[in-house]
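Everything below concerns the one structure shown next.
The values are calculated or read from the model by the stated rules, or taken from the named source; none is laboratory data. Being a predicted model, the structure only gives us computed values, none of them experimental. Cβ placement follows ideal geometry from the backbone for every residue including glycine, while neighbour counts extend to all protein chains displayed. Areas reflect the complete protein model, heavy atoms only, side chains present, ligands, DNA and RNA absent. Shrake-Rupley method; radii C 1.70, N 1.55, O 1.52, S 1.80 Å.
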Amino acid sequence: MNEGDLLKRSAEEREKIFKRYERGREEGAEIDPWEDPGFEVYHATDRYGFIHDKRLPSKVDPQEAKKLQIELERQKKWLKMLKNWDAPNVKEKLHSRVYKGIPNSLRTQAWCRLLNVEKVKKEHVGKYADMMRLARLHSTDARQIDSDVNRQFREHLHYRERYSIKQQSLFNVLTAYAMYNSEVGYCQGMSGLAGVLLMYMDEEDAFWAMHILLTDPKYAMHGLYKEGFPKLTRFLAHHDKILGKFLPKLKKHFDKHGVDAILYSLKWFFVCFVERVPFNLCLRIWDVHLLDGERVITAMAFTILKLHKRNLLKLNDMDSIVHYIQVKLFKDFSYDDDVVVHNLEKSMEELKKAKLDHPGPPHKDELPTRPFGIFKEPTFEQIVGIRTEQFTEKEKATNQIVTLVSEAARDSAEKEKESQLSVGDSIGLAGSKFSFDPSIDDASSLLDCDHTGSRRSLADTSVTSTADLSVFSTVTRSQAHENSLDTHSNMSDNSVGGASSVGSDTNRIRIKIDNDELPTPLVEHGQIKHFRLESPEYDLK
């Protein structure tokens, strides 16, 4: 197939994807039956729109009813504040009222005010529509974004149906923003960020809100998604410093079992705790984050471990510790939201006294260097998805960091296992119950596997730490299939590449699962398939 045919095929495929979102759920839309699973709305949908497997209580809990009444009273005060937003007395009351919780019915207005969305939007009239037009003609991220939209917040009422209005909006925002911020392009994880914003904003407001979160110095998330993830590296180091000073016993316990922060905290930093704490608590964290900025994220990471320190110290292997932080706390955080936010505020004060409330100014490589909204014609290789085999220096550096961390975790766990085995032998035991299997190494198994995705999905996490590490798994490159659009994220000229074939002659991922109630995702030919493992350990070939 010659270059002309490849370009034509890529253009046709991109156009087909955009047309599906343009058509939505109109008659004739191509939607597979499995994409619209049935559910009982009345019995299974909470006040935030999330659908639950089990029926919700038919009667309102007395405590919940009391909270709703308090929220109604606060709503009256917030309405007055929003009408007089720039008044001096409003600024005095804003801190305490945000920490008490923004009424859910007013989050749209409050979040837009806190982010100053209207001002930014007025400064760029027509720009969003321009970026949507460019994306329709030139997007190299359309297929990957389409795939991520299809699995983002699928338990939410508004995202449940394929090509629903919210799915259309999410696709539009992500494809347009990939064109606007070409240095970042599209990085999986941004779908979670935009998905939450779209629950409370329309398309254009969500577009500018996401841009503010990435580029305003108060939040500066650009460095999290940029090639090499420089801000993430800095935040992980700062997190370790906080643990070493304030939670040394827990830090020692984590080190003993090979639990590096990289194994459990990626969704904390990348998407502000989305899908790592219950959604009602996540919204409270977002309220505070939009008010006080990035220091809230590091303080909340500290708060989570501080509140659950006692339970974490009882867990004696890597898998159970990571499962507790990633899965159990999402299902049941065990603390009332008000209690958590109160402790978050105390943590921020505690860290401020120790001069650890902020990880310091951003490094130069975290900041945007290209102008926004300037279109740059993609190369032939970017359009058709052909990757180079050369590694950039940043890719090599990131690859090395992940390898070192995974090796350290494995060595620590192996030493612990040897120690327990020797103790067992000395007292006549047959062996140890230590559950870590050094052959199941999350980072290295992913680095050794020939993936077809770049900076794979943070939205696609399962019960294992493997999925969270997948964001690092594809910092190296290989050739993509030449007969398809590039399914990978960030197709700008500095993109982090997609697949790695280093040290691998098989296409194998080993996954260990402790909870067989949760489905495990398998990526096959660019599609996510869910299945259940009957045995705790399998090789996927």
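Largest first, how would Phe207, Phe372 line up by accessible area (1.4 Å probe)?
Order by accessible area, largest first: Phe372, Phe207.
How much length is gained on full extension from Ala354 to Asp46, taking 0.36 nm per residue of separation minus their Cα-Cα distance?
106.9 nm
For the pair Lys252 and Ser105, how long in nm is the line joining their label points, each one 7 Å along Cα→Cβ?
Reported label-point gap for Lys252 and Ser105 is 5.3 nm.
Longer than 28 Å from Cα to Cα, which of Lys119/Lys355; Lys226/Lys252; Lys309/Lys352; Lys83/Lys352; Lys67/Lys91; Lys328/Lys364 are they? Say none if no pair is.
With Cα atoms farther than 28 Å apart: Lys119/Lys355; Lys226/Lys252; Lys83/Lys352; Lys328/Lys364.
Could you please put Lys376, Lys309, Lys364 in sequence from largest to smallest accessible area, using a 1.4 Å probe?
From most exposed to least exposed: Lys364, Lys376, Lys309.
How would Asp36, Asp357 rank on accessible area, largest to smallest, probe 1.4 Å?
Asp36, Asp357
How big is the accessible area of Ser182 in square angstrom, nearest 10, if you roll a 1.4 angstrom probe over the protein chains?
The value for Ser182 is about 30 Å².
Once ligands and nucleic acids are excluded and a 1.4 Å probe is used, how much of Trp286 is accessible, expressed in Å² to the nearest 10?
0 Å²
Given 37 °C and 0.692 mPa s, how large is the Stokes-Einstein diffusion coefficient of the range 206-365 in µm²/s, with Rh as the Kirkwood radius over Cα pairs?
In µm²/s, the coefficient rounds to 205.
With all protein chains present, calculate the accessible area of Phe380 using a 1.4 Å probe and round the result to the nearest 10 Å².
Looks like 40 Å² after rounding.
Where does the range 122-230 land on Rg/Rh, using Cα atoms and the Kirkwood Rh? Can you show the working numbers first?
Details: Rg = 13.1 Å, Rh = 13.9 Å.
Ratio of gyration radius to Kirkwood radius for the range 122-230: 0.94.
Test of the criteria: in the range 312-342, which trypsin sites (Lys or Arg not before Pro) are in a DSSP loop and have at most 12 other Cβ atoms within 10 angstrom of their Cβ?
Lys314
Between Glu3 and Lys346, what is 0.36 nm times their sequence separation minus the Cα-Cα distance? Round to one decimal in nm.
117.4 nm
FRET efficiency for Leu137 and Glu35, Cβ-Cβ distance as r, R0 = 30 Å, nearest 0.05? All intermediate terms of the calculation are to be shown ahead of the outcome.
Numbers: r = 27 Å, r/R0 = 0.90.
Calculated value: 0.65.
Roughly speaking, what is the stretch gain from Asp338 to Lys77, that is 0.36 nm per residue apart minus the C-alpha to C-alpha distance, in nm to one decimal? Intermediate results must be reported in sequence, preceding the final value.
Numbers: separation 261, 0.36 × 261 = 93.96 nm, distance 1.86 nm.
Going from the current span to full extension adds 92.1 nm.
What do the square roots of 5 times the Cα gyration tensor eigenvalues come to for the range 225-306, in whole Å, largest first, as semi-axes of the equivalent ellipsoid?
Each semi-axis is √(5λ); the values are 21, 15, 12 Å.
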